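Everything on this sheet refers to the single structure shown next.
The values are calculated or read from the model by the stated rules, or taken from the named source; none is laboratory data. Just so you know, these numbers come straight off a predicted model, no measurement behind them. All Cβ positions, even for glycine, are placed from backbone atoms using ideal geometry, and neighbour counts span all protein chains on display.
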Amino acid sequence: MTDQLSKTRVVILGGGTAGWMTAAALVNQLGHACDVQLIESEEIGIVGVGEATLPHIRYFVESLGLDEAEFMKATHATFKLGIDFHDFGRIGSHYLHPFGSFGAPLNDVPFHHFWLRLQAEGRGGALWDTSICNIMAAGNKFAPPPPGSSLYNYAYQFDATLFGPYLRGYSIARGVTRTEGKVVEVEQDGESGDIIALKLENGKRIEGDLFVDCSGFRALLIGQTLKENWEDWSRWLLCDRAVAMPCEAANDKIGPFTGVHAMSAGWRWRIPLQHRVGNGYVYSSAHMSDADAEDALVAAVEGAPMAEPRVLKFRAGRRERSWSKNVVAVGLASGFLEPLESTSIYLVQGAIAQLIEMFPIGPVRDQDRDEFNRVTDAEYDRIRDFLILHYNATVRDDSDFWNHVRTMEVPDTLHEKMELWRRSARVAKYSQGLFFEPSWVAVYIGQGVIPDGWDERADLPGSSELETAVGRVRKQVSDAVCAMPDHANFIRMRNASIERPA
């Protein structure tokens with residue numbers, strides 16, 4: 001058992017989602033090896049608009065031992081089966097990026113190859129009808145997948161202003177120390193450059209062995225103090241602002257998906273929660289003014305506004321090193337990729353998982369830092385390419401913004417992936433990270449990037465036999481969804497089943 005005096009002193013700067021997720025995970029999994037202290041200021045506040053997540057958040061909630069139903073009720077959460085894209089490939093187009101597969105592989109050949117062959121013969125029908133997530137979303141249905149099933153997955157849509165405080169209570173109850181205050185001075189070791197302590201406005205001095213920078217875009221430790229360079233990706237991801245505004249729900253139909261609509265200078269999100277709808281317009285300030293963006297958002301929302309529009313400024317990119325000396329950057333201090341695919345909380349979760357796996361035993365070692373940075377860089381780079389695909393794979397030419405992204409030069413890594421797909425309908429594979437084959441297939445097909453060929457093995461079955469098999473998949477999907485409850489009713493029933501405290 002780790003002696004109390006030998007515990008690593010971890011100091012987290014910044015609360016909000018990133019800070020309290022880090023604190024909760026550390027105290028839960030490494031409470032025997034570290035003492036955790038978190039510094040936050042109520043005056044500074046949090047960004048607090050990231051309400052949509054990816055399925056990985058389920059495993060984070062489970063790892064903390066939280067009851068899903070209670071967690072969802074406390075954060076007004078809804079279920080999410082995917083992201084519903086409108087007008088990206090062309091105006092009038094529509095597709096869902098589902099958290100699940102299309103059909104099932106046959107003899108190790110992915111289903112979409114067989115569908116492409118039928119489609120070339122004019123017999124393919126809609127690919128989306130072979131995805132259970134798509135049919136569930138279209139009918140506003142929801143049921144958890146059967147235990148052990150890999151057919152589909154789900155995430156949550158929750159109130160981000162409630163998520164951090166929910167984890168704060170969890171963390172403090174398990175031994176995390178919270179300190180209110182603003183940091184006015186960062187003390188460094190004169191020889192190593194490591195951070196020794198943080199001095200607060202009230203004169204209090206907090207020492208630590210390992211510091212986690214969750215100070216958001218300010219990046220007080222990793223950026224302002226250690227001067228770690230920022231790699232700017234704005235030449236590919238033009239959107240640098242967002243205007244956000246919640247509104248009342250116009251009806252009781254709660255869709256189990258995040259809505260995304262392409263706009264003239266970017267895109268608009270719609271996230272249904274139990275008590276309201278989150279809305280926002282992510283846009284390029286080079287192509288639209290703040291005032292025009294606010295007007296466009298206000299005109300698009302379907303319910304009565306619940307707050308004034310709020311403008312947020314950002315830039316796409318990442319730190320060249322997210323772990324430098326004895327500082328680990330998590331969240332916005334590490335990097336930012338616009339929320340088109342709901343990746344912000346995933347990147348926080350991924351950084352926390354890597355930190356726990358590589359948590360220093362004794363002094364911080366170069367090998368730990370280097371591996372953490374390698375994995376972090378790969379995550380950001382792959383997500384960057386996936387986001388750029390949504391903009392570049394289009395025929396839209398109705399605005400300067402879409403003309404630019406349609407014709408711009410993309411990173412070599414993305415260019416190679418797109419050429420591989422166009423030639424053979426193959427998706428570049430990697431063993432770790434985010435967005436595997438079904439995700440890429442959804443965006444490629446959904447935005448009209450149809451390959452020239454497919455896997456030769458897909459030509460083996462007879463056409464009639466293959467068409468019958470695909471029809472059978474569609475019927476199985478349809479029958480399964482018909483038996484599922486309405487999404488909103490499912491949530492109401494679960495809420496009602498939670499025993500209220502005396």
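The table for this structure:
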{"read-out": "Residue ID - nearest to Ile450 (Cα to Cα), chosen from residues in the stretch 123-136 that are of a type in the set (A, V, I, L, M) and not in a loop (DSSP other than H, G, I, E, B)", "value": "Leu127"}
{"read-out": "Matching residues, the stretch 237-287, being within 22 Å of Met72 (Cβ to Cβ) and charged (D, E, K, R)", "value": "Glu248, Asp252, Lys253, Arg270, Arg276"}
{"read-out": "Whichever residue in the stretch 293-305 is under 28 Å from Asn134 (Cα atoms) and assigned to a loop (DSSP other than H, G, I, E, B) and, among such residues, is nearest to the chain's Cα centre (by Cα)", "value": "Val301"}
{"read-out": "Sole residue being in contact with a helix residue (DSSP H, G or I) (Cβ under 6 Å, 6 or more places away or on another chain) and assigned by TED's automatic domain parsing to the domain that holds Glu40, chosen from Ala219, Ala265", "value": "Ala219"}
{"read-out": "Single unsatisfied condition, Ala428 versus (1) hydrophobic (A, V, I, L, M, F, W, C); (2) crowded, with 18+ Cβ neighbours inside 10 Å; (3) touching a Lys or Arg at 6+ places or on another chain (Cβ under 7 Å)", "value": "(2)"}
{"read-out": "Failed item, numbered, when Val311 is tested on (1) in a strand (DSSP E or B); (2) within 18 Å of the chain's Cα centre (by Cα)", "value": "(2)"}
{"read-out": "Extreme residue, farthest from Gly208 (Cα to Cα), among residues of the stretch 164-195 that are free of Cβ contacts under 8 Å to residues at least 40 places away in the same chain and charged (D, E, K, R)", "value": "Glu191"}
{"read-out": "Per-region count, the stretch 265-292, residues under 19 Å from His390 (Cβ atoms), part of a strand (DSSP E or B) and not small (Gly, Ala, Ser)", "value": "8"}
{"read-out": "Residue that is modelled with the lowest pLDDT, among those in the stretch 143-160 that are in contact with a Ser or Thr (Cβ under 9 Å, 6 or more places away or on another chain) and buried (at least 17 other Cβ atoms within 10 Å of the Cβ)", "value": "Ala160"}
{"read-out": "Qualifying residue in the stretch 433-452 (condition: more than 21 Å from Leu340 (Cα to Cα) and free of Cβ contacts under 8 Å to residues at least 12 places away in the same chain)", "value": "no"}
{"read-out": "Selection count, the stretch 464-502, where residues are closer than 23 Å to Phe257 by Cα, modelled with pLDDT under 95 and exposed (fewer than 13 other Cβ atoms within 10 Å of the Cβ)", "value": "3"}
{"read-out": "Unique match (being at positive phi and more than 24 Å from the chain's Cα centre (by Cα)) among Ala458, Ala425, Ala469, Ala483", "value": "Ala425"}
{"read-out": "Residue match in the stretch 101-112 (condition: part of a helix (DSSP H, G or I) and surrounded by 20 or more Cβ atoms within 10 Å (Cβ to Cβ))", "value": "yes"}
{"read-out": "Qualifying residue in the stretch 352-371 (condition: under 15 Å from Glu228 (Cα atoms) and assigned by TED's automatic domain parsing to the domain that holds Ile195)", "value": "yes"}
{"read-out": "Qualifying positions in the stretch 435-459 - within 15 Å of Leu414 (Cα to Cα) and either at pLDDT below 95 or among the small types (Gly, Ala, Ser) (or both)", "value": "Phe435, Phe436, Glu437, Ser439"}
{"read-out": "Residue in the stretch 242-259 that is surrounded by the most Cβ atoms within 10 Å (Cβ to Cβ), counting only those that are out of contact with any helix residue (DSSP H, G or I) (no Cβ under 7 Å at 6 or more places or on another chain) and either in a strand (DSSP E or B) or modelled with pLDDT of 95 or more (or both)", "value": "Thr258"}
{"read-out": "Residues of the stretch 268-286 satisfying the condition of being surrounded by fewer than 18 Cβ atoms within 10 Å (Cβ to Cβ) and in contact with a helix residue (DSSP H, G or I) (Cβ under 9 Å, 6 or more places away or on another chain)", "value": "Ser285, Ala286"}
{"read-out": "Complete set of residues in the stretch 264-298 that are aliphatic (A, V, I, L, M) and either farther than 29 Å from Asn153 by Cβ or free of Cβ contacts under 8 Å to residues at least 40 places away in the same chain (or both)", "value": "Ala265, Val277, Ala286, Met288, Ala291, Ala293, Ala296, Leu297, Val298"}
